[in-house]
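Input: a single structure, listed below in structure tokens.
The values are calculated or read from the model by the stated rules, or taken from the named source; none is laboratory data. As the structure is a computational prediction, the values presented were derived from the model and not from experiment. Every residue, glycine as well, gets a Cβ built from its backbone with ideal geometry; the counts of neighbours run over all protein chains shown.
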């Protein structure tokens with residue numbers, strides 16, 4: 001009886017965590033789209049870059065944790081994608097790029113896979 005309740009709590013916790021991750025990716029995408037649509041390097045761009053950097057740093061940190069239950073190959077691939085996104089965000093931050101679309105597309109794909 002207790003095991004069933006524990007399993008329900010664990011399953012609910014996983015579902016809640018995934019929903020929270022989807023929400024954060026959605027927020028990042030919306031912010032990046034707003035920055036892209038405004039053009040140039042605006043306040044919206046600064047906010048979008050800052051938020052998305054923080055999000056991907058957390059994702060990379062979680063993927064690097066030995067307790068993460070994803071297969072090692074998938075974790076390594078997602079970490080590589082995260083590093084690519086961080087480099088692209090840095091280029092935007094330094095005003096060397098305005099390519100929000102590639103970051104949006106990749107983030108959307110990751111979000112859809114959650």
First in the stretch 21-38 and on the phi > 0 side of the Ramachandran plot and part of a helix (DSSP H, G or I), second anywhere and crowded, with 17+ Cβ neighbours inside 10 Å and modelled with pLDDT under 95, Cβ under 8 Å, 6 or more apart: none
Given (1) within 17 Å of residue 36 (Cβ to Cβ); (2) surrounded by 13 or more Cβ atoms within 10 Å (Cβ to Cβ); (3) touching a residue at least 24 places away in the same chain (Cβ under 8 Å), number of the condition residue 81 does not satisfy: (1)
Matching entry among 70, 74, 86, 58 (being surrounded by 13 or more Cβ atoms within 10 Å (Cβ to Cβ) and more than 18 Å from residue 45 (Cα to Cα)): 58
Matching entry among 114, 110 (being touching a residue at least 60 places away in the same chain (Cβ under 8 Å), over 16 Å from residue 50 (Cβ atoms) and in a loop (DSSP other than H, G, I, E, B)): 114
The lone exception for residue 17 - which of (1) over 13 Å from residue 100 (Cβ atoms); (2) assigned to a loop (DSSP other than H, G, I, E, B) it fails: (2)
